[in-house]
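Visitor: One structure follows; several queries about it will come next.
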Amino acid sequence: MNHPKFKVVGKFIAPALFIAVMTGCSFGPEGQPRMIPESQQQKLNETTSSNEVGVGFGRIYLQRSESTGGSVLTGVQRNISSDPLDIVQVMLSGPTKAEQDAGLRSAIPASTEVLSARYVAIDLVKVDLTDKIFKATGDDLVSSIAQIVLTLCDISGIERVIIVVNGEVNEWPKGDGSLTSQPLTAFDFPGRAVSSQPAFPAIVNTLSE
């Protein structure tokens with residue numbers, strides 16, 4: 001038999017339990033949907049767009065004189081396509097005023113013109129220049145050829161470059177001074193350009209001897 005006292009207590013306990021459960025399951029302010037202010041929405045859009053700005057951007061290589069008297073090539077950003085002719089034309093235009101003020105120059109003679117630059121294989125580009133390229137001599141000629149090769153090989157998919165003059169095959173100096181008429185690669189000019197690759201970490205032998 002149910003006692004009347006227990007019925008009264010039950011009337012109070014049931015609502016209390018319901019409130020406690022609902023309080024425990026309720027979401028805080030961060031769990032509720034909230035509107036993002038327009039100013040913040042604009043910042044989010046700008047952040048997304050900034051990640052896409054690099055599309056179509058590339059690099060060309062220019063020469064910088066060192067305090068030791070030598071020279072080194074360094075990559076500078078340019079808004080260029082992946083078309084070899086466009087790339088070479090932009091490179092032949094030389095450094096901007098700001099880059100000149102920063103001590104950069106092109107080793108390629110300013111009167112040099114590109115007659116054509118096109119793919120002749122999936123990874124090989126053929127560049128045809130005017131004979132004004134021969135105005136560069138000695139180390140400047142090495143840097144001129146390295147500028148062309150490194151700039152083109154910086155484009156994904158291009159691994160080899162063959163350079164001709166007025167359609168004629170010519171021998172070109174590699175970084176070690178040897179001559180070749182074969183297609184050139186970035187590996188033919190070791191140490192000629194500043195590397196953007198970080199130094200390899202030291203290898204530590206953790207095995208006990």
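The values are calculated or read from the model by the stated rules, or taken from the named source; none is laboratory data. No experiment lies behind these values; they were computed from the predicted model shown. Cβ coordinates were reconstructed from backbone atoms using ideal geometry, including for glycine residues, and neighbour counts include every protein chain displayed.
Visitor: In region 119-137, which residues are touching a residue at least 12 places away in the same chain (Cβ under 8 Å) and part of a loop (DSSP other than H, G, I, E, B)?
Guide: Within region 119-137, 122, 123, 130, 136 meet the criteria.
Visitor: For region 122-141: of the residues being out of contact with any Lys or Arg (no Cβ under 8 Å at 6 or more places or on another chain) and among the hydrophobic types (A, V, I, L, M, F, W, C), which is surrounded by the most Cβ atoms within 10 Å (Cβ to Cβ)?
Guide: 129
Visitor: While we're on this one: Which of the residues spanning region 159-191 are buried (at least 22 other Cβ atoms within 10 Å of the Cβ) and farther than 18 Å from residue 112 by Cβ?
Guide: 188, 189
Visitor: Looking only at region 138-169, which residues are modelled with pLDDT of 95 or more and assigned to a loop (DSSP other than H, G, I, E, B)?
Guide: Correct list: 158, 159, 166, 167.
Visitor: How about region 84-120: which of its residues are out of contact with any strand residue (DSSP E or B) (no Cβ under 8 Å at 6 or more places or on another chain) and under 22 Å from residue 185 (Cα atoms)?
Guide: Correct list: 86, 108, 109.
Visitor: Report every pair of residues separated by at least 6 positions or lying on different chains whose Cβ atoms are under 8 Å apart, first residue within region 104-118 and closer than 13 Å to residue 143 by Cβ and touching a residue at least 40 places away in the same chain (Cβ under 8 Å), second assigned to a strand (DSSP E or B) and of a type in the set (Val, Ile, Thr).
Guide: Qualifying pairs under 8 Å: 104/74; 104/76.
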